[in-house]
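Take a look at the structure set out below.
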Amino acid sequence: MKTKQITLTALEFDNSDEFSALEKETIEACKNAAETAWAPYSGFHVGAAVLLDNGEIVTGSNQENAAYPSGLCAERVALFAAHARYPASRAVCLAVCAQKDGLFLDQPVAPCGSCRQVITESNTRFGSPMKVILYGSEKIVAIENSNDLLPLRFDSSSF
Ligand code: THU
């Protein structure tokens, strides 16, 4: 028997000063995207923005539905839209934030398990992991290797 330990490396920042200009733009885009959420059931407005290797930024927001499971998270709306629009372009970075009662959460919000599965498949498809930036107004967290977000994922070769 062998014991294996799985670790996640996350970087914490007080503000966006240390991010590149394009990453700052991506963070701003996800903040704007939160305004486009359709979330009458949860009141939780999530914004996501994908920076592609062609320099384009594609945004998404959560889209809820009266048939609850038919709704979709902001991250998947953004990633699927990005890959549908630019199927040859790698996602370099994904920024996510959330608003409640018109205010950005002070702490970062992390993608759900299903979104992590989609993030990791995009990483595999394009051969390199996107960086994930989780924006909170008092703390920003960055995960350089987003495959770390879903160890032992389905279809993984991580064993
Ligand atoms: N939601 C997202 O858009 N992204 C996440 O990472 C977690 C949750 C949405 C789904 C639903 O519309 C609302 O937030 C409350 O769960």
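Laboratory data are not the source of any read-out in this text; all were calculated from the coordinates shown. A quick note: this is a predicted structure, and the numbers were derived from the prediction, not measured. Virtual Cβ from ideal backbone geometry, glycine too; neighbours counted across all protein chains shown.
Summary table
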read-out	value
Relative contact order of the stretch 11-150, defined on C-alpha pairs under 8 angstrom at six or more residues apart (%)	24
Mean Cβ count within 10 Å, highest first, over the residues of peptides 77-86, 5-14	77-86, 5-14
Mean-position separation - Cα centroids, the stretch 61-89 and the stretch 106-133, in angstrom	13
Table column - 3J(HN,Hα) (Hz), the stretch 72-84, Karplus curve with 6.51, -1.76, 1.60, x for Gly and Pro	9, 5, 4, 4, 6, 4, 5, 5, 5, 5, 4, 6, 6
Radius 12 Å from Cβ of ASP14, net charge of other residues (Lys, Arg +1; Asp, Glu -1)	-4
Sequence-distant lysines (8 or more away, or on other chains) whose Cα lies within less than 25 Å of LYS31	LYS100, LYS131, LYS139
Estimated vicinal HN-Hα couplings, Hz - the stretch 25-35 in sequence order (Karplus 6.51, -1.76, 1.60; Gly, Pro = x)	4, 5, 5, 4, 5, 5, 5, 5, 5, 4, 5
Reciprocal mean inverse distance between Cα atoms of the stretch 1-89 - Kirkwood radius, Å	14.8
Local electrostatic count, SER89, Cβ distance below 10 Å [Lys/Arg +1, Asp/Glu -1]	0
Cα gyration tensor category, rounded, prolate or oblate, for the chain with a/c compared to 1.5	rounded
Within-12-Å neighbourhood charge of LYS24 [Cβ basis; K, R +1; D, E -1]	-4
³J(HN,Hα), Karplus 6.51/-1.76/1.60, whole Hz, each residue of the stretch 139-148, x for Gly, Pro	8, 10, 10, 10, 10, 5, 10, 5, 5, 4
